[in-house]
Amino acid sequence: MAASYQAQAIDKDSYISNKQEKGYFPLSVAGKPANIFVGSEDYTGVIRAAKDLQADINRVTKSEPALLAAKKAPKAKELVLIGTLGKSPVIDKLVKDKKIDVSDVKGRWETYLVQVVKKPLPGVDQALVIVGSDKRGTIFGIYDVSSQIGVSPWYWWADVPVKQQQNLYVMPGRHTQGEPAVKYRGIFINDEAPALAGWATEKFGGFNHKMYVHVFELILRMKGNYLWPAMWGRAFYDDDPMNPKLADEYGVVIGTSHHEPLMRAHDEWRRYGKGSWNYQTNAANLQEFWKQSIQRMGNNESLVTIGMRGDGDEPMSESSNIALLEKIVADQRQIISEVTGKEASATPQVWALYKEVQEYYDKGMRVPDDVTLLLCDDNWGNIRKLPKAGEKQHAGGYGIYYHYDYVGGPRNYKWLNTNPIPRIWEQMHLAYQHKADRLWIVNVGDIKPMEFPTEFFLDYAWNPEKWPAERLDEYTQLWVERQFGSEHAAAIADILSKYAKYNSRRKPELLDQNTYSLTHYREAETVVAEYNQLATEAERIYNKIPAEQKDAYYQLILHPAKACANLNELYFTVAKNRLYAKQGRAITNDLANKAKELFAKDAELSRYYNQTMANGKWSHMMDQTHIGYTYWQQPEKDVMPEVSELTVPASASMGVAVEGSDAWWPQEKSQAIFPELTPYGQSNYYIEIFNRGKASFNYTVQTGAEWLQVSSKQGQVEQEQKILVSVDWQKVPAGMQRIPITVAGANGKVVVQAVVNNTTSLKPDQIKGFVQSNGYVSMEAAHYTRAVEAGGISWKLIPDLGRTYSAMSPFPVTAPAQTPGGNSPCLEYRMYLQDSGAVNVHVYLSPTLNYQSTQGIRYAVSIDDEAPQIINMHQDENKQGMWDKWVANNINIQTSKHTVKKSGEHVLKFWMVDPGVVLQKVVVDTGGLKPSYLGPPESFYKPEKVAAQ
């Protein structure tokens, strides 16, 4: 990269510099920008985008170039020449005179070329030529220059400031991104009340053209081309006739959602429909209703949805059958043909295999070959169906309808982003490799706050090959650099990735006080600590960045980090409050008050976003309720979780609790015992000494061995005191020890038993792999010992995919099924077990669906030399509530039973059977596994990577 100017596009390669070198084109120097010419014969949308470039150069340099839209280019030393092949005589002459080579542009879809050309025309010494193969090709070329000079697509939608530059030079060379891999790439504005609807009504008077022009521009700046407009109570064509007119001028293809046939919004039937939404009884009125909309569509560039669902996005009645649906499609195509005066196949159409419609397809329903088949996810980011590898291609191609937002079971999720890009990448890579590449559309809810995953979706659709899994971290950092510069980019990118990852563990709307374990593995407190660390780091950076970046930073980074941290801490506090109330702890009421404060803080964070940030520009955008769900539908208002309050007696009374138990002593009659302390497990465990009264009391702690250490031997308890118990492993005797710890305080004493296992069968310098502790071994998928590869199949790390770390998956995803065993592809995990006998192996898998409609996706597991057990990860998919559990928990845990003949070193093998399996974690339960949401933290291990074979 030349000079010191940092590329602002999401790419390492910039063709903009702030210093002059030989052959560079001076786009703007010392307040003097090159003028812009666009042929007046060109598309209105191209001329409009040229005006955006004019404004963008002014945003960056504070100097506005002149823009001339005319038939003849002016004479000028330097000139920006913009035009579309076949629509711009000036550009066509450059091609004819061999001033530019468009052999890799002409005839292609949405392809552009940006090139510096010497003496292109008489009287012009040097030109920056932006040429497109078609309307959007030229528009994308224009916006590519805008992006390169430092204008983010989110300059308006997220208030991303533009970095000032005095001098802008364009480097010589052919600058192009080629043809997009996916033909139609777009977004669906959906479930738009209360947030987007409230904002649009207040700021623009509704979903009219004044609002939609901002949507059109955003889509085009991200090199998208397609929109399903907002539709609940809204009608794009009917609400404002300027909506479709301007969409077509801008160059945005308009469609309607999966349940709105023939360009009619769902709400138009409520407004104008006659009779029932039932083709069996009301075909004539429905046909007239649809005919009017195709007439209204005219020549506007459109993708027409065909088919039919029940009214209000519900399934059709039970009596609806395949024959009827095929007749509906045939009649709809007849309407299209009659109104347009062309073959129906001349009008692009799409049939969405959404929910039960896919079942009709599976049972044999077909549509004409020119229709694009829009395959869908399950509304939770898991693709339901893909064409089989090697299968005859459907002429109309296949598309994907994907979700970042959803209203429905098991729970709405609409508030904040819960979509980490590694999972999006994994599913859309799967789609692309199975040739579902005609149309990708993603439900983005209110647009905000889905800014980052939305742009990733469209960038990945343009060129999937450019962004393999190993470049996802780089993509995130480049995206952050474009919004905020490079100084804090790495740290901000980490926050951006982690908050989405943490949110994806369980959607915020699904959280409650019971989600994470208070008792086992310090799970709840660890989750809250991770969130709070993110929020603290986000706040630290916020206090350092320039004032002009703070609004953008707040909405893109700080608000989601703080709001999610606060929500998780709220439920953690409520959980402790309820447990402590049962134990009679004096601190119970303080926790009740803290929970109320956290609930109020949630409202304050939303209020700041709506009313203070950016001077109230985004009012209502954080109106979405998210606390107090009782079933799948959202509550009317956020509801404070119920907390307990106690009447605390005046006199002191001691209670003791130990890690790993929700009991308390002396109330509990069984012994108080810690989880086992070993050199290969958690380094310490805690005892909590708590007060059940108002008056304070003194305590002492004594251990039965000098090498068993406590963080405090005596002190005073006002409300509670946490004592950490650890071991000096240099002094502890070999073997198993059971050592008493005596806690004395008000009303007596409690003896806690510490079980200490200083095993002699393991030597630290001889350890390879993982070590069992407390009755389990927990292994992150990415920490395998050896990857065995064969037959062109390899194991690929998908960084940061998963609830706790990263994932492993066999590639290519179109590989044939394998027979496990021998030298077939597998991952090996070396582990040391201290127990023998029966063990359960729990495999944590991403909740991938049976997208090939087979018997289910399979893998196999074996320990040592036993025959691999083949497990079908979808064997229970038809059980009541199973899919709900998989998507709500964002994991599919499958279990197999094995027998280990003796303690010592063993090798667990995870075998590929079918492609598509995404492995996150393996937990071997030897009898001590405790209930938790995320599973136990990773066991002690020494890395021992062996090269793939």
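Which of the residues belonging to region 119-130 are open to solvent by less than 10 Å² (accessible area, probe 1.4 Å) and hydrophobic (A, V, I, L, M, F, W, C)?
Val124, Ala127, Leu128, Val129, Ile130
Quick one: Pro641 ticks every box in (1) of a type outside the set (D, E, K, R); (2) over 42 Å from the mean Cα position of the chain (by Cα); (3) part of a loop (DSSP other than H, G, I, E, B) bar one, so which box is it?
Tallying (1) of a type outside the set (D, E, K, R); (2) over 42 Å from the mean Cα position of the chain (by Cα); (3) part of a loop (DSSP other than H, G, I, E, B), Pro641 fails exactly one: (2).
Being surrounded by fewer than 17 Cβ atoms within 10 Å (Cβ to Cβ) and without any contact (Cβ under 8 Å) to a residue 60 or more places away in the chain is the filter; apply it to region 887-899 and report the residue that is farthest from the chain's Cα centre (by Cα).
Lys897
Between Thr760, Thr785, which is surrounded by fewer than 20 Cβ atoms within 10 Å (Cβ to Cβ) and polar (S, T, N, Q)?
Thr760
Specify which of the listed residues (Pro194, Pro180, Pro153, Pro161) is within 25 Å of the chain's Cα centre (by Cα) and either among the polar types (S, T, N, Q) or closer than 20 Å to His620 by Cα (or both).
Within the list Pro194, Pro180, Pro153, Pro161, the selection yields Pro194.
I need the full set of residues from region 110-142 which are out of contact with any Pro (no Cβ under 7 Å at 6 or more places or on another chain), over 14 Å from Arg174 (Cα atoms) and part of a loop (DSSP other than H, G, I, E, B), in order please.
Within region 110-142, Pro122, Gly123, Ser133, Asp134 meet the criteria.
Please indicate, with yes or no, whether at least one residue in region 150-159 is at pLDDT 95 or above, in contact with a Lys or Arg (Cβ under 9 Å, 6 or more places away or on another chain), surrounded by fewer than 24 Cβ atoms within 10 Å (Cβ to Cβ) and farther than 30 Å from Asn379 by Cβ.
Among the residues of region 150-159, at least one is at pLDDT 95 or above, in contact with a Lys or Arg (Cβ under 9 Å, 6 or more places away or on another chain), surrounded by fewer than 24 Cβ atoms within 10 Å (Cβ to Cβ) and farther than 30 Å from Asn379 by Cβ, which makes the answer yes.
Which members of region 33-65 meet the condition of being in contact with a helix residue (DSSP H, G or I) (Cβ under 7 Å, 6 or more places away or on another chain), farther than 26 Å from Gly86 by Cα and open to solvent by 10 Å² or more (accessible area, probe 1.4 Å)?
Pro33, Glu64
Being buried (at least 16 other Cβ atoms within 10 Å of the Cβ), part of a helix (DSSP H, G or I) and among the aliphatic types (A, V, I, L, M): is that true of Ala595 here?
Taking the combined requirement at face value, the residue satisfies it.
Only residues that are outside any helix (DSSP H, G or I) and on the phi < 0 side of the Ramachandran plot: list them for region 514-554, please.
Hits for region 514-554 are Asn514, Thr515, Tyr516, Ser517, Leu518, Thr519, His520, Asn543, Lys544, Ile545, Pro546.
Scan Gly681, Gly655, Gly660 and give me the residue that is on the phi > 0 side of the Ramachandran plot, open to solvent by less than 40 Å² (accessible area, probe 1.4 Å) and in contact with a strand residue (DSSP E or B) (Cβ under 8 Å, 6 or more places away or on another chain).
Gly660
Being more than 20 Å from Asp377 (Cα to Cα), among the acidic types (Asp, Glu), open to solvent by 30 Å² or more (accessible area, probe 1.4 Å) and in the same structural domain as Gln772 (by the TED database) narrows it down to one of Asp884, Asp876, Asp864, so name that one.
Every option except Asp864 fails the conditions.
Of all residues in region 249-288, count the ones that are on the phi < 0 side of the Ramachandran plot, free of Cβ contacts under 8 Å to residues at least 40 places away in the same chain and surrounded by fewer than 21 Cβ atoms within 10 Å (Cβ to Cβ).
Number of matching residues: 14.
Which one of Arg264, Arg309, Arg296 is assigned by the TED database to the domain that holds Ile189, in contact with a Pro (Cβ under 9 Å, 6 or more places away or on another chain) and closer than 26 Å to Gln358 by Cα?
Arg309
Every residue in region 838-855 that is assigned to a strand (DSSP E or B) and buried (at least 17 other Cβ atoms within 10 Å of the Cβ), please.
Val839, Val841, His842, Val843, Tyr844, Leu845
I'm trying to understand the selection: among the residues of region 763-782, which are surrounded by fewer than 21 Cβ atoms within 10 Å (Cβ to Cβ), of a type outside the set (Val, Ile, Thr) and assigned to a loop (DSSP other than H, G, I, E, B)?
If the condition is that a residue be surrounded by fewer than 21 Cβ atoms within 10 Å (Cβ to Cβ), of a type outside the set (Val, Ile, Thr) and assigned to a loop (DSSP other than H, G, I, E, B), then Lys763, Lys768, Gly775 are the ones that fit.
Quick check: anything in region 131-141 buried (at least 24 other Cβ atoms within 10 Å of the Cβ), over 24 Å from Leu439 (Cα atoms) and among the aliphatic types (A, V, I, L, M)?
yes
Touching a residue at least 24 places away in the same chain (Cβ under 8 Å) and part of a loop (DSSP other than H, G, I, E, B): does that describe Val145?
So Val145 does not fit the description; no.
Which helices (runs of 4 or more DSSP H) does region 171-278 wholly contain that include 2 or more residues that are of a type in the set (Val, Ile, Thr) and under 25 Å from Asp42 (Cα atoms)?
Ranges flagged: 209-221.
Which ones in region 434-453 are open to solvent by less than 10 Å² (accessible area, probe 1.4 Å), in contact with a Leu (Cβ under 9 Å, 6 or more places away or on another chain) and either under 22 Å from Gly396 (Cα atoms) or in a helix (DSSP H, G or I) (or both)?
Listed by number, the residues that qualify are His434, Ala436, Leu439, Trp440, Ile441, Val442, Glu451.
Here is a yes/no grid of residues against (1) at negative phi; (2) in the same structural domain as Lys507 (by the TED database); (3) modelled with pLDDT under 95; (4) surrounded by 15 or more Cβ atoms within 10 Å (Cβ to Cβ):
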{"position": "Arg607", "(1), (2), (3), (4)": "yes, yes, no, no"}
{"position": "Met621", "(1), (2), (3), (4)": "yes, no, no, yes"}
{"position": "Thr625", "(1), (2), (3), (4)": "yes, no, no, yes"}
{"position": "Tyr631", "(1), (2), (3), (4)": "yes, no, no, no"}
{"position": "Gln634", "(1), (2), (3), (4)": "yes, no, no, yes"}
{"position": "Met640", "(1), (2), (3), (4)": "yes, no, no, yes"}
{"position": "Ser644", "(1), (2), (3), (4)": "yes, no, no, yes"}
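Let me confirm something: among Lys713, Lys694, Lys722, which residue is in contact with an Asp or Glu (Cβ under 6 Å, 6 or more places away or on another chain), more than 17 Å from Asn774 (Cα to Cα), touching a residue at least 12 places away in the same chain (Cβ under 8 Å) and open to solvent by 20 Å² or more (accessible area, probe 1.4 Å)?
Exactly one of Lys713, Lys694, Lys722 is in contact with an Asp or Glu (Cβ under 6 Å, 6 or more places away or on another chain), more than 17 Å from Asn774 (Cα to Cα), touching a residue at least 12 places away in the same chain (Cβ under 8 Å) and open to solvent by 20 Å² or more (accessible area, probe 1.4 Å), namely Lys722.
Considering Asp800, Asp835, which residue is at pLDDT 95 or above, outside the structural domain of Ile383 (by the TED database), among the acidic types (Asp, Glu) and in a loop (DSSP other than H, G, I, E, B)?
Within the list Asp800, Asp835, the selection yields Asp800.
Report, by residue number, each residue of region 900-916 that is in contact with a Pro (Cβ under 7 Å, 6 or more places away or on another chain) and either more than 20 Å from Ala782 (Cβ to Cβ) or surrounded by fewer than 18 Cβ atoms within 10 Å (Cβ to Cβ) (or both).
Val913
The values are calculated or read from the model by the stated rules, or taken from the named source; none is laboratory data. None of these values were measured; they are calculated from a predicted model. When we count neighbours, we look across all protein chains shown, and the Cβ atoms used for this are built from the backbone with ideal geometry, even at glycine. In case anyone asks, the SASA skips ligands and DNA or RNA and just uses the protein heavy atoms, side chains included. Shrake-Rupley method; radii C 1.70, N 1.55, O 1.52, S 1.80 Å.
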